[in-house]
Amino acid sequence: MKIAILSRNPSLYSTKRLVEAAKQRGHEPVVLDTLRCYMDISADKPSIHYKGQELGQFDAVIPRIGASITFYGCAVLRQFEMSGVFPLNESVAISRARDKLRSLQLLSRKGLGMPRTGFAHKPDDIMDMLKMVGGAPVVIKLLEGTQGIGVVLAETNKAAESVMQAFLGLKANILVQEFIKEAGGADIRCLVVGEKVVAAMMRQAPEGEFRSNLHRGGSATIVKLTPAERSTAIKAASIIGLNAAGVDILRSARGPVVMEVNSSPGLQGIEKATGKDVASMMIEHLEKNAKPHKTKTRGRG
């Protein structure tokens, strides 16, 4: 197969691993800078051009679209889909995952475990929203934040009120969520490919920090999932419509709760923590499923 890998940086670990895995399995991977792709949107022959030339036909595309270019990246991916190219993750599913509020609403509709979450527009509604999610401590998140950026733990109602007023005063969209204290600053990243959890690691926040992101100094170790955790991760990826996803779960007193579903999970931390060749599993999924014009939106919403 000829496989397009949409990535701004070919030297990134995840991109390099996908290229290596594709070559090892006898395919032809081509890394394309997403922002250098441009489109001829026409009824008779929609096409994609790259650095002055029209791209030839590909059999599959792996989108590694950064959060800062979600809109343009999904437009490029849609153009591949219109040309009949099979995507590892579809543009609609990526758009869902990147919209934290929308993804939580979809998970909620299907009854998946998740932290109590509030969303409001007016500062006048802050105190009632704090009561709604169970009161302080609460976690306040910017909707557009990634890798733990724009996430604040407010330990008192007064502190939460001040932070929320500041964010809302800047016209920022925020979520307010209950703090799962029993998780102890740890979460579980489940890597789902197809309808299977192929790798899982526990990420532990450093001393004095509640965010477990590896980019913020968290540590990663292999973890044994419970059946409920495995099932929750698979359902979450399916509801959003992703064939490959990083599902972040907390262990709460009432069972596993989903924090986030990531459409472009990094491979470095989980491959090193588990010793699993996740990149090859993603390529194998394409081998089994990539057919021309097979693209369709999985899930609803």
Would you kindly state how much longer the chain becomes between PHE71 and LYS23 on full extension, computed as 0.36 nm times their sequence separation minus their alpha carbon distance, in nm to one decimal? 14.3 nm
Residue among ALA154, ALA166, ALA279 with the largest mean-square fluctuation in a Gaussian network model of the chain, springs linking Cα atoms under 10 Å: ALA166
Given charges at Cβ of Lys, Arg, Asp, Glu: the stretch 182-288 dipole, positive-most of LEU242, ALA183, MET202: ALA183
Which of GLY113, HIS285, SER103 sits closest to the plus end of the dipole of the chain, meaning its Cα is farthest towards the positive end, when Lys and Arg get +1 and Asp and Glu get -1 on the C-beta? HIS285
What percentages, rounded to whole numbers, describe P(r) for the stretch 1-88 computed over all alpha carbon pairs with 10 Å bin width beginning at zero? 17, 53, 26, 3
Kindly put CYS37, CYS190 in sequence by how many other C-beta atoms sit within 10 Å of each C-beta, fewest to most. CYS37, CYS190
Trypsin sites (Lys or Arg not before Pro), loop per DSSP, at most 16 other Cβ atoms within 10 Å - longest free stretch of the chain: 52-109
Cα gyration tensor, the stretch 117-179 - rounded (a/c under 1.5), prolate or oblate: oblate
Scan the chain and report its longest stretch carrying no GluC sites (Glu not before Pro) that are both in a DSSP loop and have at most 14 other Cβ atoms within 10 Å. 1-154
In degrees rounded to 10, the 0-90 angle between helix 70-82 Cα long axis and the longest Cα principal axis of the chain is 40 degrees
In nanometres, the difference between 0.36 nm per residue of separation and the alpha-carbon distance of ASN289 and SER42 is 86.2 nm
Once the convex hull of the C-alpha atoms of the stretch 230-301 is built, how many Å³ does it hold per residue, rounded to a whole number? 112 Å³
Under the 7 Å Cα-to-Cβ spin-label approximation, TYR50 and ARG116 lie apart by a distance in nanometres of 5.0 nm
Within the chain, the percent of DSSP beta bridges that are antiparallel, given to the nearest 5, stands at 80 percent
For Cα extents along the principal axes in Å, calculated from these coordinates, the label among (1) 58, 41, 33; (2) 58, 39, 37; (3) 66, 47, 34: (1)
Answer with one residue from ILE48, ALA67, PHE80: the one whose Cα lies farthest towards the positive end of the charge dipole of the stretch 44-151, charges on Cβ with Lys, Arg +1 and Asp, Glu -1. ALA67
For the chain, the dipole about the Cα centre with charges only on Cβ (Lys and Arg +1, Asp and Glu -1), to the nearest 20 debye, works out at 480 debye
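Values in this text are rule-based calculations from the coordinates and carry no lab data. It should be emphasised that the depicted structure is a prediction, and the values quoted were computed from it without experimental measurement. Glycine also receives a Cβ, built like all others from the backbone with ideal geometry; neighbour counts cover every protein chain displayed.
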